[in-house]
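Undergrad: Below are the structure tokens for one structure; questions will follow.
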Amino acid sequence: MSHQATRRRTFIGGVTNSVIGVTAFLITCIGLRAVLPFPKIDGGVSQKFRFFAAHKDEFDTLFIGSSRIYFQISPAVFDHVTRESGLPTRSFNFGIGGMYLPETAYLLEQILNLKPRNLKWVFVEYDELQTKWSPENQTSRRALYWADWKRVSLLLRKLTDAGTAPLWLPNLAKLRDIVLRQNDDKSTRSLLTFYAGQFEKNYTNVARAADVPDYFLSRDTKERRASYLGAASDGYVTRPNRMSPGQAAAYERGLAAAIAQAGTRPLSPYTVEAYRQCATEVRNIGATPIFLITPSTTQINIAIESTGTPGVVMAFNDPRTYPSLFRTSVRRDGQHLTKSGAEEFTRIVAANFVELARAGGSK
């Protein structure tokens, strides 16, 4: 056999072995993801998920979103209003502090994968798809566990202005700016690198070994459980404090500026696509999605499109329509309500829901 033939065989053999090795590695990674328990995530994420998994068939209504859901929707109040109105519900608050799209969409998918048999209504907080993580949080597991391709691809599309069509075509002008500029788009380059790295780490199961003993050995005390599930074990935790006079004055100025702001802010097509995916997954298990805009000063100018929305949107971001939710006396800050304000907000949401359900407008 000639020397050239030997080199060719060696090369082919090396390539074949490399392909086999990479394939085996990927299959192993996928297999591990399938059998590993839900990861240990701070902020009550894993604790709430495990509790809901153990009680999934007890609830027919779910609320999911950020602290604007966590501390502002009381299942006890919601269920009382619906029961008194002749449309009884059993609801659970799956709000998590600091949780926005795309994390919300991933966690919702994991919840629905549990196949809760009696789930009928799913309220999802409605806000813009977030692309930025603060540097101090980029190394946390909260910034990693949700980074699958469905979520990361939407972020990469938004960052590169690639659109939401099936054929992924990045905007060439945007790419040129990202590559050549050293100022505004430097952060975009960093984010692209960051999310590509998160996707790789997530699928190679970085730091997942510790989840196995945690799943079997972790024990909740009654006090710890109440800290993230609330006194009624329904996921709602109260925040009773009010603003100081100085904070109240700053809030009033911010509210006036938000009301006076001209124009509205439509959500990006990437956000709408993310919510469309959420709506499809909710409908696939026979439940109805309802998107919820909370009474936050940063959401006052969000536009509600008459067409193209992924489902029914219940909006409470207009101080003129819902002045009682924007009074200084019921605010903790521009984003959150006090305990009394949260209960009032919940009653209004429940009353609107009953009206919507009776009219058949939630389908």
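The values are calculated or read from the model by the stated rules, or taken from the named source; none is laboratory data. Keep in mind it's a predicted model, so treat the numbers as computed, not measured. Note that we place each Cβ from the backbone using ideal geometry, even for glycine, and neighbour counts take in every protein chain shown. When the accessible area is computed, the model is the full protein with side chains, heavy atoms only, and any ligands, DNA or RNA have been set aside. Shrake-Rupley method; radii C 1.70, N 1.55, O 1.52, S 1.80 Å.
Undergrad: Search the range 159-188 for residues that are at positive phi and modelled with pLDDT of 80 or more and pair each with any residue that is open to solvent by 80 Å² or more (accessible area, probe 1.4 Å) and of a type in the set (A, V, I, L, M, F, W, C) when their beta-carbon atoms are under 8 Å apart and the residues are at least 6 apart or on different chains.
TA: These pairs meet every condition: Gly163/Leu169.
Undergrad: Still on this structure, please answer the following. Just one of the numbered conditions (1) within 15 Å of the chain's Cα centre (by Cα); (2) over 30 Å from Val354 (Cβ atoms) is not true of Leu107; which one?
TA: (2)
Undergrad: Quick test for you: out of Pro289, Pro319, Pro295, pick the one residue that is outside any helix (DSSP H, G or I), out of contact with any strand residue (DSSP E or B) (no Cβ under 6 Å at 6 or more places or on another chain) and within 28 Å of Arg90 (Cα to Cα).
TA: Of the residues listed, the single one that is outside any helix (DSSP H, G or I), out of contact with any strand residue (DSSP E or B) (no Cβ under 6 Å at 6 or more places or on another chain) and within 28 Å of Arg90 (Cα to Cα) is Pro295.
Undergrad: Taking the range 100-131 as the region of interest, how many residues are of a type in the set (A, V, I, L, M, F, W, C) and either open to solvent by 30 Å² or more (accessible area, probe 1.4 Å) or modelled with pLDDT under 95 (or both)?
TA: 4
Undergrad: Right, here's the next one. Here is a list: Tyr275, Tyr215, Tyr236. Which entry is crowded, with 18+ Cβ neighbours inside 10 Å, part of a helix (DSSP H, G or I) and either among the hydroxyl-bearing types (Ser, Thr, Tyr) or at pLDDT below 80 (or both)?
TA: Tyr275
Undergrad: Related question: Of all residues in the range 85-104, which are under 23 Å from Leu356 (Cα atoms), under 11 Å from the mean Cα position of the chain (by Cα) and small (Gly, Ala, Ser)?
TA: Gly95
Undergrad: Right, something else. Return the residues of the range 327-363 that are farther than 21 Å from Val124 by Cβ, under 22 Å from the mean Cα position of the chain (by Cα) and either open to solvent by 30 Å² or more (accessible area, probe 1.4 Å) or without any contact (Cβ under 8 Å) to a residue 24 or more places away in the chain (or both); say none if nothing qualifies.
TA: Asp333
Undergrad: Turning to a different aspect of this structure: Given the structure, is Ser324 polar (S, T, N, Q), part of a helix (DSSP H, G or I), open to solvent by 50 Å² or more (accessible area, probe 1.4 Å) and in contact with a helix residue (DSSP H, G or I) (Cβ under 9 Å, 6 or more places away or on another chain)?
TA: no
Undergrad: When both residues are 6+ apart or on different chains and their Cβ atoms are under 7 Å apart, which pairs have a first residue that lies in the range 246-258 and is touching a residue at least 24 places away in the same chain (Cβ under 8 Å), and a second that is surrounded by 14 or more Cβ atoms within 10 Å (Cβ to Cβ) and in a helix (DSSP H, G or I)?
TA: Within 7 Å, the pairs are Ala248/Thr328; Tyr251/Thr328; Glu252/Thr328; Gly254/Thr297; Leu255/Thr297; Ala258/Thr297.
Undergrad: Looking only at the range 189-205, count how many residues are buried (at least 19 other Cβ atoms within 10 Å of the Cβ) and free of Cβ contacts under 8 Å to residues at least 24 places away in the same chain.
TA: The qualifying residues number 0.
Undergrad: Can you tell me which residue in the range 258-272 is least open to solvent (accessible area, probe 1.4 Å), limited to those that are of a type outside the set (Phe, Trp, Tyr) and in a helix (DSSP H, G or I)?
TA: Thr271
Undergrad: Applying the selection to the range 298-316, what residues are outside any loop (DSSP other than H, G, I, E, B) and touching a Ser or Thr at 6+ places or on another chain (Cβ under 9 Å)?
TA: Answer for the range 298-316, where residues must be outside any loop (DSSP other than H, G, I, E, B) and touching a Ser or Thr at 6+ places or on another chain (Cβ under 9 Å): Ile302, Val312, Ala315.
Undergrad: Moving on. Among the numbered criteria (1) in a helix (DSSP H, G or I); (2) in contact with a strand residue (DSSP E or B) (Cβ under 9 Å, 6 or more places away or on another chain); (3) open to solvent by 50 Å² or more (accessible area, probe 1.4 Å), which one does Ala248 miss?
TA: Just one mismatch for Ala248, condition (3).
Undergrad: Since Thr89 meets every condition but one in (1) part of a helix (DSSP H, G or I); (2) out of contact with any Lys or Arg (no Cβ under 6 Å at 6 or more places or on another chain); (3) open to solvent by 10 Å² or more (accessible area, probe 1.4 Å); (4) not acidic (Asp, Glu), which condition does it not meet?
TA: (1)
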